[in-house]
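The values are calculated or read from the model by the stated rules, or taken from the named source; none is laboratory data. Quantities reported herein were computed from a predicted structural model and do not represent experimental measurements. We work out accessible area using only protein heavy atoms, side chains counted, and drop any ligands, DNA or RNA first. Shrake-Rupley method; radii C 1.70, N 1.55, O 1.52, S 1.80 Å.
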Amino acid sequence: MLAAIKRHLRADDTLLDFGCATGTWSLAVAGDVREVQGLDVSGKMIEAAQNKAAKHPARNVRFRQGSLFDPVYNAVSVDVIMSLSVLHLLDDLPGMMDRMSRLLTPSGRLISNTPCLGQKRSLLSLLMRGIRKTGIVPHLNLLSSRDIEQLVTDAGLSIVENHMWPDGALFVVAQKSS
Ligand SMILES: C[S@@+](CC[C@H](N)C(=O)[O-])C[C@H]1O[C@@H](n2cnc3c(N)ncnc32)[C@H](O)[C@@H]1O
């Protein structure tokens with residue numbers, strides 16, 4: 001997936017890794033862009049990401065705990081938003097997609113990878129339906145590939161790459177429509 005991501009990055013991009021967790025992907029793409037901002041709602045994840053970054057040679061990566069709606073993020077300010085294994089966890093997904101679209105610059109790109117837990121006839125989807133009923137995870141979207149494509153286009157983004165990995169996750173790259 002790293003190679004697929006890198007094909008859509010430019011040396012002068014500012015990239016926001018939304019839901020960065022411990023920063024593995026943020027650091028993996030740091031050499032391909034001008035600046036990486038890793039964002040996660042979890043303070044423990046951000047602490048781990050900062051510790052990892054301190055031992056990494058990249059000096060263009062910053063991590064912060066917070067929300068996509070924090071005023072620190074201004075409209076039309078980010079060239080790339082990377083959202084890997086996050087969309088299925090978000091409450092108010094249409095609102096989040098709209099926010100991401102607004103933050104992107106005119107030629108900005110959303111790079112996402114999302115497990116399709118709502119895909120029909122999948123064993124994983126049956127398991128996830130069970131897990132959702134237990135309430136172990138605070139929020140879980142059982143999305144199909146069609147749901148994800150619709151959410152992306154409804155947010156005003158045009159899909160430029162779209163394929164399903166063997167593990168049932170959908171990789172989508174979408175560009176802000178001018
Ligand atoms: C499954 S992990 C994926 C981590 C990483 N992107 C990866 O692919 O390895 C999902 C991460 O998204 C974060 N997350 C969930 N909802 C979030 C939100 N509303 N805002 C920011 N981060 C969020 C979680 O704390 C978690 O670290």
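Note on Phe69: accessible area approximately 110 square angstrom, rounded to 10, probe 1.4 Å, nucleic acids and ligands left out.
Near the amide H of Asn141, within less than 5 Å, lie the amide hydrogens of Leu89, Leu90, all on another chain or at least 5 residues away, with H placed in the peptide plane.
For segment 1-103, pairs of C-alpha atoms spaced more than 17 angstrom apart make up 49 percent of the total. Here the Karplus relation 6.51 cos²θ - 1.76 cosθ + 1.60, evaluated at θ = phi - 60°, turns the backbone of segment 163-170 into coupling constants of 8, 9, 7, x, 7, x, 9, 9 Hz, with x for every Gly and Pro. Protein heavy-atom accessible surface, 1.4 Å probe, per residue over the chain: 51 Å². Within the accessible surface of the chain, defined with a 1.4 Å probe on protein heavy atoms only, the carbon and sulfur portion equals 55 percent. Phi-derived couplings, Karplus 6.51 cos²θ - 1.76 cosθ + 1.60 at θ = phi - 60°, listed residue by residue for segment 7-14: 4, 9, 9, 10, 4, 9, 6, 9 Hz, with x used for Gly and Pro.
The smallest convex shape that holds all Cα atoms of the chain, its convex hull, gives 114 Å³ per residue.
Under 22 Å of direct C-alpha separation, and excluding same-chain neighbours fewer than eight residues apart, Lys176 reaches these lysines: Lys6. Leaving out same-chain residues fewer than 8 places away, which lysines sit with a Cα under 16 Å from that of Lys44? Filter leaves Lys52. Relative contact order of the chain, taken over Cα pairs closer than 8 Å and 6 or more residues apart, is 18 percent. A full extension of the chain between Asp167 and Asp154 corresponds to an added length of 2.1 nm, given 0.36 nm per residue minus the alpha carbon distance.
For segment 51-61, backbone phi angles converted through the Karplus equation (6.51, -1.76, 1.60; θ = phi - 60°) give residue-by-residue couplings of 5, 5, 5, 5, 9, 9, x, 5, 10, 10, 10 Hz, Gly and Pro being listed as x. The H on the amide N of Val86, modeled in the peptide plane, is under 5 Å from the matching H of Asn113, each at least 5 residues off or on a different chain.
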